[in-house]
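Okay, structure first, notes after.
Nothing in this text is a laboratory measurement; each read-out follows from the coordinates by a stated rule. Computed from a predicted model, the values in this text were never measured in an experiment. Virtual Cβ from ideal backbone geometry, glycine too; neighbours counted across all protein chains shown.
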Amino acid sequence: MTILLSIFFLLIPTPHSKIAQAISAPSRPATSQTATAPEAVVKDFYRWYIERLNRNRDPLTQEKTTLKKYLTPEFFRKAPKLLDQTDADVFICAQDWDKDWGKHITIANLQVQGSVATMKVTLSGSSMNHKLKVKLKQLNGAWKIDKIDPLDL
């Protein structure tokens with residue numbers, strides 16, 4: 001009986017036990033949107049975005065909830081108007097894309113000044129490469145894409 005009670009008390013989580021810590025630990029979202037590095041947000045965005053394009057899905061109309069996780073509210077509101085003005089995809093600044101762009105994303109010239117970050121992004125594929133300048137803002141601790149401009153022109 002004493003042995004059974006000892007085993008029972010060993011299994012009860014105390015505030016400092018690994019079991020109690022695991023139970024009380026807050027869960028993190030599956031997306032790396034909680035990542036502190038702005039380049040991680042940009043890479044995750046383009047992996048997700050190109051995959052959507054490859055599946056013939058329009059994130060601007062069919063994936064709004066996920067798209068909002070990556071964009072500032074202002075950029076999200078402007079995106080449809082920018083599409084109408086330029087007749088090009090707002091997020092890749094082009095009309096066509098290479099299906100492999102989401103697998104080959106290179107970040108260069110990252111500059112962070114306070115809550116603003118800028119970087120050059122190269123999307124590389126088997127048939128074409130494309131360069132962009134991406135600006136992010138940090139809102140409530142999360143980096144969000146605020147502007148995207150082409151660099152290939």
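Taking 21 Å as the cut-off for C-alpha to C-alpha distance, list the pairs among 43/131; 81/103; 69/135; 78/147; 43/81; 64/147 that go past it. Could the numbers behind the result be given before it?
Numbers: 43/131 13 Å; 81/103 29 Å; 69/135 15 Å; 78/147 10 Å; 43/81 25 Å; 64/147 17 Å.
From 43/131; 81/103; 69/135; 78/147; 43/81; 64/147, over 21 Å: 81/103; 43/81.
Let a ≥ b ≥ c be the square roots of the eigenvalues of the Cα gyration tensor of the range 33-80; is it rounded (a/c under 1.5), or, if not, prolate (a/b larger than b/c) or oblate? Oblate, because a/c is 1.5 or more while a/b does not exceed b/c. When a/c is below 1.5 the answer is rounded, else prolate if a/b is larger than b/c, else oblate, so apply that to the range 37-150 with a ≥ b ≥ c taken from the square roots of the Cα gyration tensor eigenvalues. Cα axes put the range 37-150 in the oblate bin. Magnitude of the charge dipole for the range 37-150, about its Cα centre and with charges confined to Cβ atoms of Lys, Arg (+1) and Asp, Glu (-1), is about 340 debye.
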